[in-house]
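The values are calculated or read from the model by the stated rules, or taken from the named source; none is laboratory data. Predicted, not measured: the structure shown is a model, and the values here were computed from it. Note that each Cβ is placed from the backbone with ideal geometry, even for glycine, and that neighbours are counted across all protein chains shown.
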Amino acid sequence: MYSLVIDCSHKENFIGLFENTDCWLLKRKFHGQPFEELIDNLKCLLAENSINLSEISHFYTPHSPGSTLGIRVSEMMIHGLLKTACPSAELTQYNGLHFSALLLEEDSHEANSNNYLITEKGRLSWSVLKIDTNLKLRPEIQPLSAESLSKLDGNFFYIPQLKTWSNPPLNAKELTYSPHLFLKPIKLLSTLKIDLSLLSPTNNTYVKWNQK
């Protein structure tokens with residue numbers, strides 16, 4: 001049986017199929033609106049490799065952060081498959097910022113200073129995740145205002161969203177959101193005993209364009 005990752009939360013959409021976490025069996029990147037492109041790309045990917053939807057036993061998809069539309073379209077399609085073609089399959093939803101931080105932790109960065117991964121959280125705040133030992137114990141994404149973010153001291157790594165509302169700190173290093181690199185964090189996710197509620201999205205407060 002196979003596991004399928006569907007991630008349409010950022011600029012580049014991704015579908016990946018694996019049987020174990022050693023390597024992708026199939027993967028595809030595509031652009032465009034998920035509600036127009038996702039179903040056709042998934043059908044083509046499976047058909048080209050003679051895989052039936054009923055052979056999928058586990059779905060993975062993000063619940064945040066990123067494009068609300070892309071996340072919801074992915075969720076709706078997966079829930080539809082769970083009720084029809086894959087009734088016995090499981091669903092795991094992950095946080096893309098947390099997975100990206102786990103990947104970043106593996107890379108070299110200044111061990112003796114504070115390191116933060118940040119991304120936009122709407123118009124008035126930032127989602128901030130500190131890269132430390134709590135990533136595997138008790139990771140918590142903090143929503144901070146731009147003023148509060150400016151008071152933090154350390155190294156900043158920044159993943160941009162489709163809608164960018166304000167500029168990150170001047171010294172922030174921009175990263176590319178990379179779901180095609182997620183096999184290692186997916187394997188780690190199954191072994192971690194963490195409180196996932198600390199990574200779940202809170203209710204967003206929408207701000208009118210003309211409101212300051």
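Every condition in (1) in a loop (DSSP other than H, G, I, E, B); (2) surrounded by 13 or more Cβ atoms within 10 Å (Cβ to Cβ); (3) in contact (Cβ under 8 Å) with a residue 60 or more places away in the chain holds for His63 except the one numbered (1). Going through (1) at pLDDT 90 or above; (2) over 23 Å from Lys29 (Cβ atoms) one by one, Lys193 falls short only on (1). Selection over the stretch 87-101 of residues that are surrounded by 20 or more Cβ atoms within 10 Å (Cβ to Cβ) and either among the hydrophobic types (A, V, I, L, M, F, W, C) or in contact with a Cys (Cβ under 7 Å, 6 or more places away or on another chain) (or both) gives a count of 4.
Would you say Leu149 is modelled with pLDDT of 90 or more and aliphatic (A, V, I, L, M)? Against the criterion (modelled with pLDDT of 90 or more and aliphatic (A, V, I, L, M)), Leu149 qualifies. Taking the stretch 88-180 and the strands (runs of 3 or more DSSP E) fully enclosed by it, the elements with 1 or more residues that are without any contact (Cβ under 8 Å) to a residue 40 or more places away in the chain and hydrophobic (A, V, I, L, M, F, W, C) are at 90-95, 125-130, 142-144.
Okay, residues lined up against (1) crowded, with 19+ Cβ neighbours inside 10 Å; (2) closer than 25 Å to Lys11 by Cα:
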residue: Ser113; (1), (2): no, no
residue: Lys121; (1), (2): yes, yes
residue: Trp126; (1), (2): yes, yes
residue: Lys136; (1), (2): no, no
residue: Ala146; (1), (2): no, yes
residue: Asn155; (1), (2): no, yes
residue: Pro160; (1), (2): no, yes
residue: Thr164; (1), (2): no, yes
residue: Leu175; (1), (2): no, yes
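Scanning the stretch 35-79 for residues that are among the aliphatic types (A, V, I, L, M) and farther than 16 Å from Leu162 by Cβ yields Ile39, Leu42, Leu45, Leu46, Ala47, Ile51, Leu53, Ile56, Met76, Met77, Ile78.
Here Phe18 does not fit the description of being within 29 Å of Val128 (Cα to Cα) and surrounded by 15 or more Cβ atoms within 10 Å (Cβ to Cβ). With respect to being part of a helix (DSSP H, G or I), outside the structural domain of Ser9 (by TED's automatic domain parsing), of a type outside the set (Val, Ile, Thr) and modelled with pLDDT under 95, Leu45 falls outside the description. The residues of the stretch 40-60 that are among the hydrophobic types (A, V, I, L, M, F, W, C) and either in contact (Cβ under 8 Å) with a residue 60 or more places away in the chain or more than 15 Å from Gly16 (Cβ to Cβ) (or both), listed by number, are Ala47, Leu53.
Taking the residues in the stretch 66-75 that are of a type outside the set (S, T, N, Q) and free of Cβ contacts under 8 Å to residues at least 24 places away in the same chain as candidates, determine which candidate is farthest from Ile159 (Cα to Cα). Selected residue: Glu75.
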